[in-house]
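One structure is given here, and the rest of the page talks about it.
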Amino acid sequence: MPLSPALTTDPSPEPSRPAATDPDRRAGRRVDLVVVLLAVTLAGWVTSGLWADPNQRAVAVNSSDQSLFEWLLAFGAHALTHGENPLFTYLINVPDGVNLAVNTSITVYAAVFAPLTYLIGPPATFLVILTLNLVATAGAWYWFLSRHLLAPRTGAAGPGRDAAGAAGGRLTPLVRRRIAAGVGALFIGFAPGMVTHANAHLNWTAGWLVPLLLHWVFRLARPRHRIRAGIVLGVLVAVTFSIAAEALFFTALACAVFLGARAWHPARRAETRELLPGFARGLAVAGAVSLVLLAYPLWLHFLGPQRFHGTGFSPTIHAEDVAAYGAYPRRSVAGAAGLGTRLAANPTEENSFFGLPLLILAVACFVLLWRRADPARRATLRALAVTAGVFTVLSWGPRVKFLGMFPGIPLPYALVGHLPVFNAALPSRLALVVGPVLGLLLAYAVDTLLADPPAPRRVRLGWAVGFALALLPLLPTSLLTVRREPVPTFITSGAWRDYVSPGGVLAPLPFTLDVTPDGQRWQAYALAHRQGEFAIPSGFFLGPGGPDDRGRIGPVPRATDALLAEVGRTGEVPSIGPAERAAAADDLRHWRVQAVVLADRIHGAKYPVHHDALLRAGTDLLGPPHRVDDVWLWRVPSA
């Protein structure tokens, strides 16, 4: 989530530009095609391990989140096509339900891709969206850089000057050479932070939303388009809230930091005073439109049932290690060569990991651009540096962590981490703003080095070597995948309907959580294949009940699900007597369970699940089971 040079107005006339010739247009289209093909190739390569069998392959380090997003696609499509509420459901976490407005609902994706979900199933649809996200992110940034933002203009106005021509002037490319835009866009689209979140995060890989948001934010400064820009921006805000609310917050925060730092520069203060009233009016239109569209989701988020404030994740643990910025990610060429590190909280959160050569190259690019810029352009460069610096420091969390150790040095995040919205975000993810800022610097630098007249050959060769040393080690490798257990025939055949009434409760063993996500996978299959609805007692979601009234993963456990979860994890069956059987009967009544099911094969997202121990524990608690297809089933008499 980056910032780019903002729109400006300049009373001086726009210098004439030579009309593009047919060879120029053909060359531009060739670059467009190359960038798109590279984006498609890289996206296909990153996700290649899943394409072999989308229904039975899963991301090795994060199959739980993959199962959750597959369920969200199936549930969202079912809710929208059956007139149900897509933001609150009682199909999981019976009897309390789940508030999806405080989770990542991806309702827009569920609606747009509902036909595909019904046609090919949630796992394959998940894979299509994940791959398209990566392609679209690189493509959107390429469009943003090469087509529709103000460029430094040349000619009478002087090189490197930010301008928009006359008030409300036309939009021109941010960089003059499409190859420079391609370098920046491909880096942003496949930066370490994007690749690490390709481990099943459909929200964070939707980076294509950010350049669209920025484009319409900056169009608010154009007098003739403020109302239209405000309306479009408001709609985009609502869409982004549905897909990636945390990313929306980071983008808004980054815009505020960038525009504030840029406006504070003496060269921009007069311009800011001139543009601010109109910009504020356009922003008010955007705010009004987004509030109308988001009125119900926001009410659910902050005031609705099953809400919570702040996650249960520690901001100290989920913060970037200072050394991580100079380290290499595991899913990269450097990581494959053994240079990867384990400085992240988990493999899906390598949000910086740029490598020391890239940091050195970024500083060199900044110096190059600074030396060639006039005061107005330096205001933009300084604002980019301030934005990168602020988000780098915030990503370090409340206190310094270096190589996994805590020297005890407090940081600014400690002052803001308890504030609303901040307390629901992970500080390490703030580093995701830094990647696009680096991509902008790379694009600017390439554009400058290819300028007319070009730099001496020896200088360009030195820069080419620098870019290669910085970027080639960061080329992504494909995601690690693992085979997961298929949905049992008991579900795929629809046999479950003989034991559970429509909308009734079926309890898979072990109870569904992030580490044992099969229950939601079964439910997603039933919904996507129009078999009808069954509910489950637990589930993988964020809800209330965490420490200090914060959120937690899944419901607060009761005696029975806690016992069975421990049996599945350890393989040890405790002594089960009348007290445990009475507690199980009480819990099953509380959940309104009609049938308890243990499949022959169970997918454990973090560890192997002990099937035989669960069968013994289930038998001790509930009596002998019945054999139905490929599951063991216990009927639960109604109260």
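The values are calculated or read from the model by the stated rules, or taken from the named source; none is laboratory data. Remember, predicted model here, so these are calculated numbers, not experimental data. FYI the Cβ positions are ideal-geometry reconstructions off the backbone, even for glycines, and counts take in every protein chain you see.
Considering every residue within the stretch 7-18, establish whether at least one is touching a Phe, Trp or Tyr at 6+ places or on another chain (Cβ under 9 Å) and at pLDDT below 85. Yes: the stretch 7-18 contains one or more residues that are touching a Phe, Trp or Tyr at 6+ places or on another chain (Cβ under 9 Å) and at pLDDT below 85. One residue is enough: does the stretch 441-448 have a residue meeting the conditions part of a loop (DSSP other than H, G, I, E, B) and surrounded by 12 or more Cβ atoms within 10 Å (Cβ to Cβ)? Within the stretch 441-448, none of the residues are part of a loop (DSSP other than H, G, I, E, B) and surrounded by 12 or more Cβ atoms within 10 Å (Cβ to Cβ). Candidates in the stretch 267-287 are the residues that are touching a residue at least 60 places away in the same chain (Cβ under 8 Å) and either loosely packed, with under 14 Cβ neighbours inside 10 Å or not acidic (Asp, Glu) (or both); of these, the one that is farthest from Ala379 (Cα to Cα) is Ala286.
Please verify whether Arg377 is surrounded by 16 or more Cβ atoms within 10 Å (Cβ to Cβ), at pLDDT below 95 and on the phi < 0 side of the Ramachandran plot, treating the condition exactly as stated. The answer is yes for Arg377. For the stretch 250-266, residues that are modelled with pLDDT under 90 and surrounded by fewer than 21 Cβ atoms within 10 Å (Cβ to Cβ) total 4.
Among the residues of the stretch 280-332, those that are assigned to a helix (DSSP H, G or I), in contact with a strand residue (DSSP E or B) (Cβ under 8 Å, 6 or more places away or on another chain) and under 26 Å from Gly355 (Cβ atoms) comprise Val322, Ala323. Number of residues in the stretch 495-517 that are part of a loop (DSSP other than H, G, I, E, B), among the hydrophobic types (A, V, I, L, M, F, W, C) and more than 17 Å from Asp587 (Cβ to Cβ) equals 2.
Can you name the residue in the stretch 35-68 that is β-branched (Val, Ile, Thr) and surrounded by fewer than 19 Cβ atoms within 10 Å (Cβ to Cβ) and, of all such residues, is farthest from His197 (Cα to Cα)? So, considering only residues that are β-branched (Val, Ile, Thr) and surrounded by fewer than 19 Cβ atoms within 10 Å (Cβ to Cβ), the one farthest from His197 (Cα to Cα) is Val36. Scanning the stretch 534-574 for residues that are more than 29 Å from the chain's Cα centre (by Cα) and either within 25 Å of Asn99 (Cβ to Cβ) or hydrophobic (A, V, I, L, M, F, W, C) (or both) yields Phe534, Arg558, Ala559, Thr560, Asp561, Ala562, Leu563, Leu564, Ala565, Val567, Val573.
Of all residues in the stretch 416-443, those that are modelled with pLDDT of 95 or more and either not assigned by TED's automatic domain parsing to the domain that holds Ala244 or not β-branched (Val, Ile, Thr) (or both) total 14. Looking across Val108, Val102, Val135, Val112, one residue alone is surrounded by fewer than 24 Cβ atoms within 10 Å (Cβ to Cβ), in contact (Cβ under 8 Å) with a residue 60 or more places away in the chain and either in contact with an Asp or Glu (Cβ under 7 Å, 6 or more places away or on another chain) or more than 20 Å from Val59 (Cβ to Cβ) (or both). It is Val108. Among the residues making up the stretch 520-541, those that are assigned to a helix (DSSP H, G or I) and touching a residue at least 60 places away in the same chain (Cβ under 8 Å) are Gln520, Arg521, Gln523, Ala524, Tyr525, Leu527, Ala528. Considering only the stretch 197-212, I want to know if a residue exists there that is closer than 22 Å to Arg377 by Cβ, at pLDDT below 95 and assigned to a helix (DSSP H, G or I). No, because not a single residue in the stretch 197-212 is closer than 22 Å to Arg377 by Cβ, at pLDDT below 95 and assigned to a helix (DSSP H, G or I).
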